[in-house]
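Encoded as structure tokens, the structure appears first; notes follow it.
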Amino acid sequence: MTVNVTITDSQAKIIVNDALKTFTAGEVSDRGAVWIVNINYRDKPIMIVPLGKINTPTSQDALKAVQESITRGWSAGEPKQHGFIYNVPIIDSNGNVVGNVRVDGRTGEIPTGFPQLRR
């Protein structure tokens with residue numbers, strides 16, 4: 001099956017790198033052994049970052065850790081196409097993948113709303 005997209009994988013990476021400049025750490029929620037920190041784009045959740053409670057014992061510690069990581073610099077990794085969606089990994093300054101952002105290959109838009117739950 002052929003999927004028609006108007007955005008290339010390199011364009012998807014550029015779109016995400018541009019969007020990263022506006023990412024902010026948002027709400028923190030407790031999920032047992034981990035904190036889940038929402039990452040917002042245009043004031044809406046776009047992805048989540050889970051952090052273990054051993055290294056970040058309080059929600060404020062988790063929020064601060066994510067804010068500092070964003071400040072140190074995140075970048076877009078190599079997009080992978082799944083149908084008409086590009087899944088673009090987000091890489092922190094230490095080279096670790098902290099999450100993924102989706103780009104619609106038909107429009108170049110980054111869908112926002114509820115973050116995907118990681119299980």
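Things worth noting here:
- Residues satisfying the stated conditions in region 11-47, i.e. touching a residue at least 40 places away in the same chain (Cβ under 8 Å) and of a type in the set (S, T, Y): T24, Y41
- Among the residues of region 68-107, the one identified as in contact with a helix residue (DSSP H, G or I) (Cβ under 6 Å, 6 or more places away or on another chain), touching a residue at least 40 places away in the same chain (Cβ under 8 Å), part of a loop (DSSP other than H, G, I, E, B) and of a type outside the set (A, V, I, L, M, F, W, C) is P79.
- Against the test of being over 24 Å from E109 (Cα atoms) and small (G, A, S), the options S75, S69 yield a single qualifying residue, S69.
- Check on S93, polar (S, T, N, Q) and touching a strand residue (DSSP E or B) at 6+ places or on another chain (Cβ under 7 Å): no
- Residues of region 25-49 satisfying the condition of being loosely packed, with under 14 Cβ neighbours inside 10 Å and either of a type outside the set (D, E, K, R) or in contact with an Asp or Glu (Cβ under 7 Å, 6 or more places away or on another chain) (or both): S29, G32, A33
- Identity of the residue in region 13-41, outside any strand (DSSP E or B) and charged (D, E, K, R), that ends up farthest from A76 (Cα to Cα): K21
- Filtering region 54-67 to residues that are in contact (Cβ under 8 Å) with a residue 12 or more places away in the chain and touching a helix residue (DSSP H, G or I) at 6+ places or on another chain (Cβ under 8 Å) leaves only T56.
- Qualifying residue in region 46-63 (condition: part of a strand (DSSP E or B) and within 30 Å of N4 (Cβ to Cβ)): yes
Results for (1) among the aliphatic types (A, V, I, L, M); (2) under 13 Å from D9 (Cα atoms); (3) modelled with pLDDT of 95 or more; (4) surrounded by 14 or more Cβ atoms within 10 Å (Cβ to Cβ), shown as yes or no for each residue.
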{"position": "N55", "(1), (2), (3), (4)": "no, no, no, no"}
{"position": "V66", "(1), (2), (3), (4)": "yes, no, yes, yes"}
{"position": "S69", "(1), (2), (3), (4)": "no, no, yes, yes"}
{"position": "P79", "(1), (2), (3), (4)": "no, yes, yes, yes"}
{"position": "H82", "(1), (2), (3), (4)": "no, yes, no, no"}
{"position": "G105", "(1), (2), (3), (4)": "no, yes, yes, yes"}
{"position": "P115", "(1), (2), (3), (4)": "no, no, no, yes"}
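- Residues located in region 1-12, provided they are in a helix (DSSP H, G or I) and either under 12 Å from the mean Cα position of the chain (by Cα) or not hydroxyl-bearing (S, T, Y) (or both): D9, Q11, A12
The values are calculated or read from the model by the stated rules, or taken from the named source; none is laboratory data. Just so we're clear, the structure is a prediction, and the values are computed from it rather than from any experiment. So basically every Cβ, Gly included, is an ideal-geometry build from the backbone, and we count neighbours across all protein chains shown.
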